[in-house]
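The values are calculated or read from the model by the stated rules, or taken from the named source; none is laboratory data. Bear in mind the structure is a predicted one, so any value in this text is a computation, not a measurement. We work out accessible area using only protein heavy atoms, side chains counted, and drop any ligands, DNA or RNA first. Shrake-Rupley method; radii C 1.70, N 1.55, O 1.52, S 1.80 Å.
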Amino acid sequence: MLNAIVLKLIEIWRKYNPFDYTDIIDCIVASTKEIREEIYLSKQEIMQLHINVELLEDENERLTRLLTVVSDSIPDMMWAKSIDGVYLLANKALIDGLFCGLNPIGKTDLEMTAKLKSLYGDDKHTFGDVCLNSDNIVIETNADGKVFTEFGLVKGVELYLQVKKSVVLNNDGKIVMTVGTGRDITEEHKALMELSTSITCQSQLTCKTTIEGIINRYNI
């Protein structure tokens, strides 16, 4: 195609320009060669970019699988959310223990709470009603490892969680997501409440102190 264009330009030039056109022809030929080289380089760059993207996708998929396996092996609940509160990561303990088997990826706590209330009833699922603002507290204070005790009903059963949340910053120091872990301390909490109202001897006081030490150790 380029050769045909060049030949046509030469033909036109010869017809209407009687003086020497050798330099013009050389310029056109040189330009044509440069254009061809640039097109070739562009194709090569596009091919290399495509290969790089595929490699990155493969690496991302591998890392995602690895992260899923590791997080699912942890008995504590574990998650990551976008700055808007959308779940980006949720391990098996969180899905089973808090969301009754529903995967929250791509959804917010409000959306999950509404779904669970519709399934089990407003009075049977109250977890999240009083603790949704803890994400905002972490973001506003730029917190790293801030601890909360969050509680409510899940399918009508009491659940107390010792929750630790942090923010994640990008290279510019801007908050891009929050991450957290949650440990089920329901039994420890119940035992502590019972002891707190019925301590009659030193052994019960010692037991209460021990349970408090266990709960506080979660805060580290």
*List, in order, the whole-Hz ³J(HN,Hα) value for each residue of region 140-145 obtained from phi through the Karplus relation with A = 6.51, B = -1.76, C = 1.60 and θ = phi - 60°; use x for Gly and Pro.*
5, 9, 6, 6, 10, x
*Note down the accessible area of residue 193, probe 1.4 Å, to the nearest 10 Å².*
90
*Going by the alpha-carbon gyration tensor, a ≥ b ≥ c the square roots of its eigenvalues, is region 114-178 rounded (a/c under 1.5) or, if a/c is not under 1.5, prolate (a/b greater than b/c) versus oblate?*
prolate
*Convex hull of region 58-98 built on C-alpha atoms - directionally averaged projected area, nm²*: 3.2
*For region 73-88, take each phi angle, set θ = phi - 60°, evaluate the Karplus expression 6.51 cos²θ - 1.76 cosθ + 1.60, and give the result in whole Hz per residue in order, putting x for glycine and proline.*
7, 8, x, 6, 6, 8, 7, 9, 10, 6, 4, 8, x, 7, 5, 9
*Calculate, for region 102-195, the solvent-accessible area per residue in square angstrom, rolling a 1.4 angstrom probe over the heavy atoms of the protein chains.*
55
*Only Cα pairs under 8 Å and at least 6 apart count here; give the relative contact order of region 94-179 as a rounded whole percent.*
21
*Amide H to amide H, which residues 5 or more places from residue 127 or on other chains are under 5 Å from it, using H placed in the peptide plane?*
153
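Share of region 40-160's accessible area from carbon and sulfur, percent, 1.4 Å?
So the carbon and sulfur contribution to the accessible surface is 59 percent.
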_For residue 160, what residues show an amide H to amide H distance below 5 Å, using hydrogens built from the backbone and excluding near sequence neighbours?_
185, 186
*Report, by chain and number, residues whose modeled amide H sits under 5 Å from the one on residue 107, excluding near sequence neighbours (fewer than 5 apart, same chain).*
87
